Amino acid sequence: DRVITSLAQTQIDGAPLFAKLESAGPGFINITLTPEYVTRQLASCRPEHYVGSGEDQDKIVVVDYGGANIAKEMHVGHLRSTVIGDAIVRILGFAGYKVIRQSHLGDWGTQFGMLIEYMIENKIIPHDLTEMPDLTALYQKAKIAFDQNAGFADRARERVVKLQGGDQETLSIWQHLVEISVQYFETIYQRLDVLLTRQDDCGESFYNPMLPGIVDELVEVGIAEKSDGAWVIFLDGYVDREKKPLPMIIQKSDGGYLYSTTDLAAIKYRMSHYQADRLIYVTDSRQEQHFNMVFAAVKRTDWAKKPVQFEHMPFGSVLGKDKKPFKTRSGESIRLSLLLDEAEERAYRIVNEKNPSASEAEKKQIAHTIGIGALKYADLTSERTKDYVFDWDSLMSFEGNTAPYLQNAYVRIQAIFRRGEIDMAQYTLAPNRLLPEIKITEAIEHEMAIHLLEFHEVIARVVDDLMVHKLCTYLHQLAAQFHRFYEHCKILNAPDAEAKDSRLVFCGLVAGTLKQGLSLLGVDVLEKM
């Protein structure tokens, strides 16, 4: 009671801060802020301008995501790394980080010896391969030959040596395979509306020349040691099923290198070349131990010249309604391009039904925004470390925690301003513009105002723990509050001009917050549907 009595006297700029303070059991107090304090805070609320602690301003973060494989079509598994990584890139950039995007392409290794040798032996002209399905068919045929013909497998391995040695014919074919693949990746990224471009590609081939030096250095300083002919690193706390020390192999007994060697080289390069303060890797949860071991190995070196934060962002699998990995009926991974096609086709049917008078171009654009937005948001809204069930009916629904529901809330606000023939900009805070006075007269207005003020706090939490679903939850709650506000409070027909202006300010703030929040998730809004 003494604490409550003391707090009750708190004032800011001469006005009371708390409207009500109630004891809620040992150690807990229910607090209700005064409408005066809340409206004063709202008057300076600009969702598009981050207000954080400033600690992260100008820090450099490298986000490794995407990671497609050359000569292979992207499948549903690539959706998660791309969409989650892109959201993190946007959020960290909004929070003040200098963000460097990296797509760690699988563009080196045995499979390229296999592909190139098959092409040469079967007299396949590289420039006859122009589309990604051509490379997919080639890969399938080459893989069969590699698995069934020991002689071909040996020649394919010899071709890898030629590739690594810079043989001109081999390199020329490899470069063509890479170019066709990268062009295909670009079309997928453009359809997904993500920020990745070919300038962000930095594949395994880039780090390959560095690998001998990495091994030599780790051996020289005593971090790596010989075990059964291979160079390995033993790390405290990592054991196998038999409780024996688990080695991280960095060079096989035959002289070959592994993913761990490439990842070590990438980390060293990113710390030295980019001067990174934070390194984030977005991959599925099956690689969690791998990255934990790589990070532990790096921490034993002197590569970092300043404190560096290493983070693996693991994510779960995409499941079908049967709770098994999401695949085609024949058991194959679903091609990502087909998934995007279906998202837009389903959205088009919805748009055509709701707005048949729209032009064909408008229908396609709206269908793209709804379909791709729904697909991405469904991936982001579940806690990323868990598996999630892919369900077309749920993710395309205009009810619940979905992108269409949030997009519809934004559209509804635009419709209010259109009906009233009012410029929404006049109810949006901007430099040298004062908003009309906000009057909180209803409980839903107070609830919504408090929630609006929490936007940057939610962003700060996501920056810290990289749990993007928290932003989705926040935006869904805001949209639900707005719908209740819309149903309970008259806006254009408010009791008086002051109430109308105040409620239009609320509409502008909600619209701005929804638009900003969705853009940080990589989801677009619509002016109308």
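The values are calculated or read from the model by the stated rules, or taken from the named source; none is laboratory data. Remember, predicted model here, so these are calculated numbers, not experimental data. Here Cβ is always computed from backbone atoms with ideal geometry, including for glycine, and neighbour counts include all displayed protein chains. Protein only, heavy atoms only, side chains kept; ligands, DNA and RNA dropped before computing areas. Shrake-Rupley method; radii C 1.70, N 1.55, O 1.52, S 1.80 Å.
Couple of notes before you dig in:
- Within straight-line cross-link reach of residue 354, lysines at Cα separation under 29 Å, skipping those fewer than 8 residues along the same chain: 321, 363, 364, 376, 490, 515, 528
- Measuring nothing but how far apart in sequence close Cα pairs (under 8 Å, 6+ apart) lie, relative to its length, segment 63-197 scores a relative contact order of 33 percent.
- Spin-label model distance (nm) - residue 244 vs residue 360, 7 Å beyond Cα toward Cβ: 6.8 nm
- Residue-level accessible surface for residue 273, protein heavy atoms, 1.4 Å, Å²: 110 Å²
- Relative contact order computed over segment 251-331 (Cα-Cα under 8 Å; 6+ residues apart), in percent: 31 percent
- The heavy atoms of residue 198 offer some 80 square angstrom of accessible surface to a 1.4 angstrom probe.
- Compactness check for the chain: Cα Rg over 2.2 N^0.38 Å is 1.16.
- Taking the longest Cα principal axis of the chain as reference, the axis of helix 76-94 is set at about 50 degrees.
- Segment residue 199-residue 169, extension gain: residue separation times 0.36 nm, minus the distance between their alpha carbons: 8.2 nm
- Here's the picture: charge each Lys and Arg Cβ at +1 and each Asp and Glu Cβ at -1 in the chain, and of 473, 132, 89 the one pushed furthest to the positive end of that dipole is 473.
- Proximal aspartates and glutamates relative to residue 98, as straight alpha-carbon distance under 13 Å, when same-chain residues fewer than 8 apart are discounted: 55, 56, 58, 277
- Shown here for segment 305-364: trypsin sites (Lys or Arg not before Pro) in loop regions (DSSP other than H, G, I, E, B) with at most 12 other Cβ atoms within 10 Å, namely 305, 321, 323, 329.
- Exposure of residue 301 as accessible area (Å², to 10), given a probe of 1.4 Å and all protein chains: 30 Å²
- Considering only alpha-carbon pairs that sit under 8 angstrom and 6 or more positions apart, the relative contact order computed for the chain is 17 percent.
- Per-residue accessible area (protein heavy atoms, 1.4 Å probe) orders 92, 435 as 435, 92, starting from the largest.
- Residue 389-residue 483 FRET efficiency (beta carbon distance; Förster radius 22 Å; 0.05 resolution): 0.30
- Estimated FRET transfer efficiency (residue 464, residue 284; beta-carbon r; R0 30 Å; 0.05): 0.85
- Accessible area in square angstrom per residue, the chain, 1.4 angstrom probe: 48 Å²
- DSSP-defined antiparallel bridges as percent of all bridges, the chain, nearest 5: 50 percent
- These residues, 119, 210, go from largest to smallest accessible area, 1.4 Å probe, as 210, 119.
- Helix 443-453 and the long axis of the chain differ in direction by around 40°, with both axes built from C-alpha atoms.
- Kirkwood radius and radius of gyration were both taken over the C-alpha atoms of segment 237-376, and their ratio Rg/Rh is 1.17.
- Accessible surface of the chain, 1.4 Å probe: 48 percent of it comes from carbon and sulfur atoms.
- The gain in end-to-end length when the residue 527 to residue 219 segment is fully stretched comes to 104.8 nm, 0.36 nm per residue minus the alpha carbon separation.
- In terms of its C-alpha gyration tensor, segment 152-216 comes out oblate, because a/c is 1.5 or above while a/b does not outweigh b/c.
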